[in-house]
Amino acid sequence: MKNRKNVIISIIALIGAIVLIFAVFLVIKSQKLTDKNSVKVYFVKSIDSADFGLTPVRRKISPDKSRISTAITELLKGPSKKEEKAGFYTEIPSTTKLIEIKETPKDININLSKDFESGGGSTSMSMRLKQLVNTSLDAEKTRPVYLQLNGKKVESIGGEGVIVSQPLSR
């Protein structure tokens, strides 16, 4: 009788352990950022003291926002503290605000504050534009995306006039 009880308890404990392991696996898998549940946001990353390049990081898609809205919002937030420690930074001025993202069946218009083009030289302007373009085009693959600053279509940014092709293209 005692043996039978011990066997039943062992079986129940084994089943409980299997269920617990499966639950932990599901939680870990659901937290993994994939193309379906996240967007790529591009930041500048120091490669060495003389070189840098654009590198994507993943951000979880906000359930109340579209892919592109999440991507642009996260881009404007800048890299996390952990990413900064790993050498990531942004050329987009921290004062840049998202005024509106207007999505229609035909296209998308991203309207940013004029701060987007303030400060920095042509290299900074080119990098911030590339950050925006890569982030936008990775988030939205089917509709053309246009950039506006304070509600006006942009042809160039910065004092040196870095050209902005419309719709945005790499």
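Miscellaneous remarks
- Residue list for the range 98-113, filter: surrounded by fewer than 15 Cβ atoms within 10 Å (Cβ to Cβ) and either under 25 Å from residue 51 (Cβ atoms) or of a type in the set (D, E, K, R) (or both): 100, 102, 106, 107
- Here the range 148-170 is the region considered, the condition is being outside any loop (DSSP other than H, G, I, E, B) and touching a helix residue (DSSP H, G or I) at 6+ places or on another chain (Cβ under 6 Å), and the residue that is surrounded by the most Cβ atoms within 10 Å (Cβ to Cβ) is 157.
Table: residues versus (1) of a type outside the set (D, E, K, R); (2) modelled with pLDDT under 95.
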position	(1), (2)
86	yes, yes
90	yes, no
94	yes, no
98	yes, no
102	no, no
108	yes, no
115	no, no
118	yes, yes
122	yes, yes
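- Exactly one residue out of 66, 10 is at pLDDT 90 or above and either at negative phi or in contact with a His (Cβ under 8 Å, 6 or more places away or on another chain) (or both), and it is 66.
- Set side by side, the residues 79, 63 differ, and just one is assigned to a loop (DSSP other than H, G, I, E, B), in the same structural domain as residue 101 (by TED's automatic domain parsing) and within 10 Å of the chain's Cα centre (by Cα), which is 79.
- Answer from 57, 41 - the residue that is β-branched (Val, Ile, Thr), at pLDDT 95 or above and over 18 Å from residue 168 (Cα atoms): 57
- Residue within the range 140-148 that is at pLDDT 95 or above and more than 19 Å from the chain's Cα centre (by Cα) present: yes
- Residues of the range 82-110 satisfying the condition of being out of contact with any helix residue (DSSP H, G or I) (no Cβ under 9 Å at 6 or more places or on another chain) and either farther than 17 Å from residue 42 by Cα or not assigned by TED's automatic domain parsing to the domain that holds residue 53 (or both): 99, 100, 102, 104, 105, 106, 107, 109
A quick yes/no check of all residues on (1) under 20 Å from residue 167 (Cβ atoms); (2) touching a residue at least 24 places away in the same chain (Cβ under 8 Å):
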{"site": "63", "(1), (2)": "no, no"}
{"site": "87", "(1), (2)": "no, yes"}
{"site": "110", "(1), (2)": "yes, yes"}
{"site": "115", "(1), (2)": "no, no"}
{"site": "120", "(1), (2)": "no, yes"}
{"site": "125", "(1), (2)": "yes, yes"}
{"site": "131", "(1), (2)": "yes, yes"}
{"site": "134", "(1), (2)": "yes, yes"}
{"site": "145", "(1), (2)": "yes, yes"}
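- Which numbered condition residue 77 fails, given (1) closer than 17 Å to residue 133 by Cβ; (2) modelled with pLDDT of 95 or more; (3) surrounded by fewer than 16 Cβ atoms within 10 Å (Cβ to Cβ): (1)
- A single entry from 47, 72 fulfils the requirement of being under 15 Å from residue 139 (Cα atoms) and either of a type outside the set (Lys, Arg) or not assigned by TED's automatic domain parsing to the domain that holds residue 113 (or both): 72.
- Exclusive hit being on the phi < 0 side of the Ramachandran plot, of a type outside the set (Gly, Ala, Ser) and outside any loop (DSSP other than H, G, I, E, B), set 92, 72: 72
The values are calculated or read from the model by the stated rules, or taken from the named source; none is laboratory data. Being a predicted model, the structure only gives us computed values, none of them experimental. When we count neighbours, we look across all protein chains shown, and the Cβ atoms used for this are built from the backbone with ideal geometry, even at glycine.
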